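This report refers to the structure that appears directly beneath it.
The values are calculated or read from the model by the stated rules, or taken from the named source; none is laboratory data. Please read all numbers here as calculations on a predicted model, not as lab measurements. Here the Cβ is made from the backbone with ideal geometry for all residues, glycine too, and neighbour counts use every protein chain on show. Heavy atoms of the whole protein, side chains included, go into the accessibility calculation; ligands, DNA and RNA do not. Shrake-Rupley method; radii C 1.70, N 1.55, O 1.52, S 1.80 Å.
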Amino acid sequence: MQNLINAIGTIVSHTPMWVFALLAGLIYLGLSQTKDRQLSLGRVLLMPAVMTIWSVISLNSSLHSPLALMLWGVSLLLTVGLAWFLLPKTPVSYQAGLYHIKGSWLPLLLILGILSLNMPWLTHSRHRQIF
């Protein structure tokens with residue numbers, strides 16, 4: 001148990017401050033998605049578009065490999081296909097140019113899961129002087 005506490009302390013102490021700001025912003029974003037809301041098509045597509053572009057740029061800047069980009073594309077198609085078949089279909093209503101989207105806790109869980117998986121890389125990046 002003491003080793004776990006020491007490991008967590010090391011991770012937190014070596015984490016750049018901007019990661020905590022990012023965490024706060026992502027938690028706010030995730031919590032905002034737990035409530036029903038009405039959004040324009042642009043707002044609905046904004047976050048997936050930004051995250052997709054960021055993902056491709058990050059992958060390309062770190063690996064410089066056409067094979068990696070191809071595998072990324074294949075994994076994207078597989079993920080979309082699995083999501084299409086496995087996730088429940090929630091009805092989305094459209095009125096007066098706005099989409100009514102039901103709230104869900106799933107986005108917050110996904111955001112926190114992805115960030116926690118990236119935490120070791122974010123912590124390590126401080127020592128490599130990437131940012």
Quick test of your reading of the structure: Thr15 fulfils all but one of (1) closer than 23 Å to Leu108 by Cβ; (2) among the β-branched types (Val, Ile, Thr); (3) assigned to a helix (DSSP H, G or I). Name the failing condition by number. (3)
Restricting attention to segment 100-110, does a residue exist that is over 18 Å from Gly30 (Cβ atoms), of a type outside the set (A, V, I, L, M, F, W, C) and without any contact (Cβ under 8 Å) to a residue 60 or more places away in the chain? no
Among the residues that make up segment 78-88, is at least one of them open to solvent by less than 70 Å² (accessible area, probe 1.4 Å), in a helix (DSSP H, G or I) and at pLDDT below 90? yes
Taking the options Thr10, Thr34, name whichever one is of a type in the set (Val, Ile, Thr), at pLDDT below 90 and surrounded by 11 or more Cβ atoms within 10 Å (Cβ to Cβ). Thr10
Among the numbered criteria (1) free of Cβ contacts under 8 Å to residues at least 12 places away in the same chain; (2) part of a helix (DSSP H, G or I), which one does Pro91 miss? (2)
Does segment 30-37 contain at least one residue that is within 21 Å of Leu109 (Cα to Cα) and part of a strand (DSSP E or B)? yes
